[in-house]
Every structure is written in C-alpha cells, then in structure tokens.
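Worksheet: the structure to be examined is printed underneath.
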Amino acid sequence: DDGTIALAPMYDVMCTTHYDGGRYIDTELGLFIGAQTDILQVAADDLIAEAKSWGVRTATAASVIADLAAAVGAEIDSTRASLADDVPDAIVERIRARTRSFS
C-alpha cells in the first residue's frame with residue numbers, strides 16, 4: 001500500500017538452473033519475459049523487450065538491467081561468505097555467470 005518494493009523471502013527462491021541435467025526441474029516461467037518462457041533462455045534482450053512492452057524506453061531498460069547486474073555481481077562474494085557452507089559452489093558460480101551475462 002505504501003509503494004514499497006521488497007525482494008521475495010528466501011523460501012520463495014529456488015535456483016532451478018542448478019539442477020539441469022541431473023534431475024528434471026521445470027524451468028518454465030508462468031509468464032513470458034519478452035518472447036521467452038524458459039528461465040534458462042532469458043537474456044538481457046528479453047528483459048529489454050519486456051520492459052519496452054510496459055512502455056519503458058530501451059535505453060532506460062538497458063541501463064537498469066546493467067546497473068542491477070553490476071550491483072548483484074558486486075555482492076556475490078560477500079553474500080557467499082555470509083551463507084552456510086551447505087550452499088554448493090556450483091550454484092554461486094552459476095549465479096556469477098548468469099549475472100555477467102546480463103552486464
């Protein structure tokens with residue numbers, strides 16, 4: 001009601017991209033992002049296309065995506081250090097690689 005936006009609690013988050021290959025975890029999104037419905041296929045261009053469909057200018061969308069990717073990338077190591085040791089390094093590296101792909 002007050003216009004505040006917050007990240008989802010961690011219980012709503014699952015790194016489905018970590019499980020590709022070993023076991024089947026559905027990576028299909030509930031809604032399109034640009035032309036994609038598979039989270040593994042979403043790229044910066046898809047995010048920009050989605051933002052454009054909402055009336056956001058291309059340059060603004062590209063800037064926000066790049067800024068967010070940079071902010072996430074800058075926090076990966078410190079966040080990893082604060083997590084329990086049971087978070088697989090492969091997940092952290094997958095997040096790092098996906099974040100770079102949006103830069």
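The values are calculated or read from the model by the stated rules, or taken from the named source; none is laboratory data. Source: prediction; values computed, not measured. So basically every Cβ, Gly included, is an ideal-geometry build from the backbone, and we count neighbours across all protein chains shown. Side chains are part of the model used for accessible areas, which takes the heavy atoms of the whole protein and leaves out ligands, DNA and RNA. Shrake-Rupley method; radii C 1.70, N 1.55, O 1.52, S 1.80 Å.
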Quiz item: For the chain, which fully contained helices (runs of 4 or more DSSP H) count at least 1 residues that are modelled with pLDDT of 90 or more and in contact with a Phe, Trp or Tyr (Cβ under 9 Å, 6 or more places away or on another chain)?
Solution: 44-53, 58-82
Exercise. Can you work out which of the residues in segment 45-103 that are open to solvent by 60 Å² or more (accessible area, probe 1.4 Å) and of a type in the set (Lys, Arg) is nearest to PHE32 (Cα to Cα)?
Key: LYS52
